[in-house]
1. Please enumerate the residues belonging to the stretch 20-61 that are of a type in the set (S, T, N, Q) and surrounded by 14 or more Cβ atoms within 10 Å (Cβ to Cβ).
2. It is to be established whether one or more residues within the stretch 44-62 are among the basic types (K, R) and assigned to a loop (DSSP other than H, G, I, E, B).
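What follows draws every value from the coordinates through simple rules; no lab data is involved. What you see is a predicted model, and the numbers here were worked out from it, not measured in a lab. Because the Cβ atoms are built from the backbone with ideal geometry, glycine has one as well, and the counts that use them run over all protein chains shown.
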Amino acid sequence: MSKAHRGAGIVKEVNHGRGTCPICKRTEVKLLYEQTVDGNKTKVCKVCDAHIKNVAAKKSKAEKAAAAPAPAAQ
């Protein structure tokens, strides 16, 4: 099967979805991922999206570990 429609959704975006990432300040990257930054929804690059999700996952894991009671030693 051909891949004729791959990327068709970003053609309608301004500059084909490319711009400067507001977090890492890289230029001419695809801004396809919507994230909440400083209380505002904004589009970020793939790398920053992954970084934000990884930080949130680590924070969640640490909170869960802190909330769980320590096993009793016998």
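1. Answer for the stretch 20-61, where residues must be of a type in the set (S, T, N, Q) and surrounded by 14 or more Cβ atoms within 10 Å (Cβ to Cβ): Q35, T42.
2. no
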